[in-house]
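Reading through the structure tokens given below for one structure.
FYI, it's all coordinate maths here, none of it is from the lab. Just so it is clear, the structure is predicted and the values come from calculations on it, not from any experiment. Cβ: placed from backbone, ideal geometry, glycine included. Neighbour counts: every protein chain shown.
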Amino acid sequence: MTKESLSFKAQNDLPSGSGNMREGNENKKFTGGSKYVLDDELAKIVNISVALEMPLLLKGEPGTGKTMLAHAISEAFQMRLIVLNVKSSMKLIDALYQYDTLTRLNDSRFGDSKRDVSNIEEYIRMGKIGQAFVSGERVVLLIDEIDKADTDFQDDMLDVLDQMEFDIIEIDKTIQAKQRPIIVITSNAKKDLSDPFLGRCNFHHIAFPEPEMMRKILEVHFSAIDRELLDSAVRTFYRLREIKGIEKKPATRELINWIRALRADPDFKVKSLIKGEVPYLGVLYKKSPDYFAAQNAIGRFRI
């Protein structure tokens, strides 16, 4: 069979500015989302990555907002978000497409399907990268926790993203992207990424927010929060993060949920935090050793 190329525009055929956002958004700059606060440096690297059509690699400890940044970009530019959650056992082909051989076998055995069993293309399902390529509109593609994958997966994936095309060998066709997606890649830095991989990305390390930035984040989530509660909760939270021997320190998500718990408790008094009491530790710590270590430490300090 002669190799056939599906009628999708290749990257090199796209005109300058081909990654057009929805009408009216072509020149829009990213400044954050309705629930996402960012500093100037992060805003600059996001905007230059969009302009240069380069993947943006984000590193930082869990809970620093790497994944939520992609959601905020999607919201700000009014683009659909497609999320590829990387697993350690994942093969690149799983992210590109799947050939559903089991369904085809069942259709051929039972003969009760409207699908044409002789047409393999009817049993091809696009993976997350494939979905981003065939989308009629430009999308945000989040590749989450790339450090879970092996080096071959990482490098081969960026080859595909560079070329903006991949082959479906079962039907001898090439899928070429209609639009180059905005690509955000996250890593928790559990293992090193290869030099070729790093060379193809822009990079930003999202540090854990300082207390003042954390207050701004919380004010976005709790517009009418009591100032005394805000200050006491933030002060308590950062003291808790300083406790030695904690494997998984509470992050921004835990702090937000903790404040929700405090506000939902009609018997809670801010003075209890000032006295050194820390209710609802189970909202902040999710591992037994961390929970008991924090419990013991709280008994030895006053906020």
| remark: Counted neighbours (other Cβ, 10 Å), sorted fewest up, put PHE166, PHE268 in the order PHE268, PHE166
| What is the stretch 4-205 by shape, rounded, prolate or oblate, if you read a ≥ b ≥ c off the alpha carbon gyration tensor as root eigenvalues and call it rounded for a/c under 1.5, prolate for a/b larger than b/c, and oblate otherwise? | prolate
| field | Estimated vicinal HN-Hα couplings, Hz - the stretch 238-255 in sequence order (Karplus 6.51, -1.76, 1.60; Gly, Pro = x) | value | 6, 5, 5, 5, 8, 4, 6, x, 8, 6, 10, 5, x, 10, 4, 4, 5, 5
| note | Expected sort for 200-209, 172-181 on mean C-beta neighbours within 10 Å, highest first, is 172-181, 200-209
| query | Normalised by the number of residues in the chain, what is the relative contact order in percent for Cα pairs under 8 Å and 6+ residues apart? | reply | 24 percent
| Where in the stretch 265-303 are there trypsin sites (Lys or Arg not before Pro) that are in a DSSP coil and have at most 15 other Cβ atoms within 10 angstrom of their Cβ? | LYS269, LYS275, LYS286, LYS287, ARG300, ARG302
| request: Convert each backbone phi in the stretch 29-35 into a coupling constant with the Karplus relation 6.51 cos²θ - 1.76 cosθ + 1.60 (shift: θ = phi - 60°), then list the ³J(HN,Hα) values in order as whole Hz, x for Gly and Pro. | output: 9, 7, 10, x, x, 4, 10
| request: Enumerate lysine pairs in the stretch 90-240 that are 8 or more residues apart or on different chains, then count those whose Cα atoms are under 15 Å apart. | output: 5
| said: I need LEU96, LEU52, LEU255 ordered by Cβ neighbour count within 10 Å, fewest first. | reply: LEU52, LEU96, LEU255
| In deg cm²/dmol, rounded to 500, what helix-only [θ] at 222 nm does the chain give when every DSSP H run of at least 4 residues adds -39500 (n - 2.57) and the total is split over its residues? | -12000 deg cm²/dmol
